Amino acid sequence: MINPGVTGTKRLLDARLNYRKQWVGYDGAPTTISLGLHSRFLKGKMGAGMYLMQDKIGPSKQTNIGAAYAYHLRFPDCELSAGLAGNFTKYTLNGNYMKLHNNQDASLNQTLSNSTWVSDASFGVYLYNDRFHIGASGLHLIQSTAEFYKNDTTKKGTITYVTQANFTLGYNFSQNPDYVWESTLYGQFVKGAPMMLDYTLRVHFFEKAFTGVSIRLRDAIAIHLGFTILENYQISYSYDIQIGGLKKYNSGSHEIMLSVSHNIFKSKRGRDNSKFLNQRYGYLF
């Protein structure tokens, strides 16, 4: 969803369900639910996947369905993946939840809810192996416009999507295979908003559990905890502690993720044929 280049770079089947409740205590605070599924085929040369996401913020709700494709180039000790994704979003505004300073605002109608469909596209590249990854992506490349109240001659509301740039840089290191340190830097830039920088450091124990912390510039500190069950299943939880200007007005953010990362095909000896096994532990989900 963030970088289509990641499509097919995990194990042969990777599914993730994510729920995030942000800024608990605010009325109408952001709530996000997402489901993603992707795999690779043609001996790992290509990847494909799809995702569903619903994002609620105050009077607005966006329900998104998308599909992604990626082509993988193999090198002796790494792979480069380039991906493209397209999606459709149902954008809904609920007028009953809106409070206006100017009751004559010609862009909004407080008496009804209105929905519109918007198409969009994104592109991303991802260079990786089981020790490092470098990724970059651009979302909302079409810069589509959502138009509301099309049948109301007295109202006209438009919202234009702005291109969003993302990058990620990560490295896994360890002197003992039972303890793997995962270090990741993630950045996001969109016109009209401050640049977001997020640094995460995690430690994985015996490939069965992990814990870590993230520092998000001028915003929050997040604590992570996760467990791997029966090799292919993982559950993780994170809690954001606000350090920015909103810290007095909410009690933090909660996020939980369930993932299934499975290698469908195994060798005759039962070994996992995945080239880079540690990729299922990647921070960029």
Report ³J(HN,Hα) in whole Hz for each residue of the range 37-48, in order, from the Karplus equation J = 6.51 cos²θ - 1.76 cosθ + 1.60 where θ = phi - 60°; Gly and Pro get x.
-> 9, 8, 8, 10, 8, 6, 6, x, 6, 9, x, 8
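Accessible area per residue, 1.4 Å probe, Å², for the chain: what's the number? Before the final figure, lay out each step's value.
Numbers: 15940 Å² over 285 residues.
Accessible area per residue: 56 Å².
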How much of the accessible area of the chain, probe 1.4 Å, is carbon plus sulfur, in whole percent?
-> 62 percent
Springs between alpha-carbon atoms under 10 Å, Gaussian network over the chain: tell me which of 60, 174, 183 tops the mean-square fluctuations.
-> 174
Could you pull out every residue, at least 5 positions away or on a different chain, whose amide H is within less than 5 Å of the one on residue 142? Hs are placed 1.01 Å off N in the peptide plane, and Pro or chain starts have none.
-> 121
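Let me spell out the model: positive unit charges on the Cβ of Lys and Arg, negative unit charges on the Cβ of Asp and Glu, origin at the Cα centre of the chain. What dipole size does that give, in debye rounded to 20? Don't jump to the answer; show the numbers that get you there.
Working: 30 positive and 19 negative charges, 97 e Å.
Approximately 460 debye in magnitude.
With charges set only on the Cβ (+1 for Lys and Arg, -1 for Asp and Glu), what does the dipole of the range 172-239 come to about its Cα centre, in debye to the nearest 20? Don't skip to the end; give the middle numbers.
Numbers: 5 positive and 6 negative charges, 66 e Å.
The calculated dipole for the range 172-239 is roughly 320 debye.
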Go ahead and collect, in residue order, the members of the range 134-151 whose backbone nitrogen is under 18 Å from a label point 7 Å along the Cα-Cβ direction of residue 106.
-> 147-151
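The values are calculated or read from the model by the stated rules, or taken from the named source; none is laboratory data. Because the structure is a prediction, the values reported are computed rather than measured. Neighbour counts are summed over all protein chains in view; Cβ atoms, including those assigned to glycine, are modelled from backbone coordinates with ideal geometry. Heavy atoms of the whole protein, side chains included, go into the accessibility calculation; ligands, DNA and RNA do not. Shrake-Rupley method; radii C 1.70, N 1.55, O 1.52, S 1.80 Å.
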